[in-house]
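These notes are about the structure you will find just below.
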Amino acid sequence: MVSFTFKAKKFASVVAYLAARRPQITKKELCKIIYFADKEHLLGYGWPITGDRYYALEQGPIPTRGLDALNARNKYPEDDAEVAKYGKLRGWTFQYNGVPPDLKALSKSDVEVLDKVFREIGQLPAWELEKLSHKEPAWARADQNGPMDFELFFEGRPESETVKETVLEEYGIVA
């Protein structure tokens, strides 16, 4: 199975980037928008923005280490500290403290994809984002509470076939 390396600084910068654009953004909204941004970046460039591993929970895909960092669970204290630079959860809402995201942590393509995804779905309420995420083949075909296969992120996107072949070749997986 294809996997990537989680980058806490990038994840936290993405959270701040989105929270600055959408005051009172919820944890679920963050997780879903980040999922769609990671997917779009993977399909376009061969790697996701945050590098997080997604799991198929009942309410849709969630970034596992990113969610732990949002929840300040301290399994990886350095992850929690990165997110805490920008705010914290109060109930379900991320309370953004106004510290600008670290744009040096984000590439030009990261920002372009984040802007594109935010324009398309960034203002949708949590329930609509959840509904949209339930249409994702990678979520639908994963075991409930199990890991989602990055290879399935490409399903239904023939324009990304060359990128998929490159990613799979890099991981020694025969398509």
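Rounded to two decimal places and with Rh computed the Kirkwood way over Cα pairs, what is Rg over Rh for the range 62-175?
Values: Rg = 16.8 Å, Rh = 16.9 Å.
Radius of gyration relative to Kirkwood radius: 0.99.
Leaving out ligands, DNA and RNA, and with a 1.4 Å probe, what % of the accessible surface on the chain is carbon or sulfur?
Working: 4540 of 8780 Å².
Heavy-atom surface of the chain belonging to carbon and sulfur, 1.4 Å probe: 52 percent.
Under the 0.36 nm per residue contour assumption, what length would be gained going from the current alpha-carbon distance of GLN123 and ILE173 to full extension? Intermediate values should be presented prior to the final figure.
Working: separation 50, 0.36 × 50 = 18.00 nm, distance 3.71 nm.
Difference between extended and current length: 14.3 nm.
Please name whichever of GLN59, GLY172, GLY146 sits farthest to the positive end of the charge dipole of the chain, dipole taken about the Cα centre and charges placed at Cβ: Lys and Arg +1, Asp and Glu -1.
GLN59
Just the number: Rg to Rh for the range 1-147, Cα atoms, Kirkwood Rh, two decimals.
Details: Rg = 13.8 Å, Rh = 15.0 Å.
That ratio is 0.92, to two decimals.
Out of the trypsin sites (Lys or Arg not before Pro) in the range 80-153, which ones are loop residues according to DSSP with at most 14 other C-beta atoms within 10 Å?
On the way: sites: LYS85, LYS88, ARG90, LYS104, LYS108, LYS116, ARG119, LYS131, LYS135, ARG141; in loops: LYS85, LYS135, ARG141.
Within the range 80-153, the qualifying trypsin sites (Lys or Arg not before Pro) (loop, at most 14 other Cβ atoms within 10 Å) are LYS135, ARG141.
Taking the Cα centre of the chain as origin, sum charge times position over the Cβ atoms of Lys and Arg (+1) and Asp and Glu (-1), and report the length of that vector in debye to the nearest 20.
800 debye
Does the range 94-134 classify as rounded, prolate or oblate by the C-alpha gyration tensor (a ≥ b ≥ c root eigenvalues; a/c under 1.5 gives rounded; else a/b over b/c gives prolate, otherwise oblate)? Display every interim value, and only then the final one.
Details: a/c = 2.93, a/b = 1.48, b/c = 1.98.
Oblate, since a/c reaches 1.5 and b/c is not below a/b.
Would you mind computing the Rg to Rh ratio of the range 34-107 from its alpha-carbon coordinates, Kirkwood style for Rh? Let's see the in-between values first.
Numbers: Rg = 13.1 Å, Rh = 13.5 Å.
We get a ratio of 0.97 for the range 34-107.
Go ahead and set up a Gaussian network model of the chain, Cα springs under 10 Å, then flag whichever of ALA140, ALA126, ALA69 fluctuates most.
Highest fluctuation among the options: ALA140.
What does a probe at LEU152 reach in the range 43-62, counting residues whose amide N is under 16 Å from the point 7 Å along Cα→Cβ?
Only 53-62 fall inside the zone, counting backbone N under 16 Å.
Of the residues GLU161, GLU82, GLU40, which exhibits the maximal mean-square fluctuation in a Gaussian network model of the chain defined by a 10 Å Cα contact cut-off?
Answer for the Gaussian network model of the chain: GLU161.
Under 22 Å Cα-Cα from LYS104, which lysines qualify once same-chain neighbours fewer than 8 residues away are excluded?
Partners found: LYS7, LYS9, LYS10, LYS39, LYS85, LYS88, LYS116.
Looking at the range 46-123, which chymotrypsin sites (Phe, Trp or Tyr not before Pro) are DSSP coil and have at most 16 other C-beta atoms within 10 Å of their C-beta? Could you put the intermediate results ahead of the total?
Details: sites: TYR54, TYR55, TYR86, TRP92, PHE94, TYR96, PHE118; in loops: TYR86, TRP92.
Passing sites in the range 46-123 are TRP92.
The values are calculated or read from the model by the stated rules, or taken from the named source; none is laboratory data. This is a predicted model, so every value here is computed, not measured. Neighbour counts are summed over all protein chains in view; Cβ atoms, including those assigned to glycine, are modelled from backbone coordinates with ideal geometry. Note: accessible area is taken over every heavy atom of the protein model, side chains too, but ligands, DNA and RNA are not part of it. Shrake-Rupley method; radii C 1.70, N 1.55, O 1.52, S 1.80 Å.
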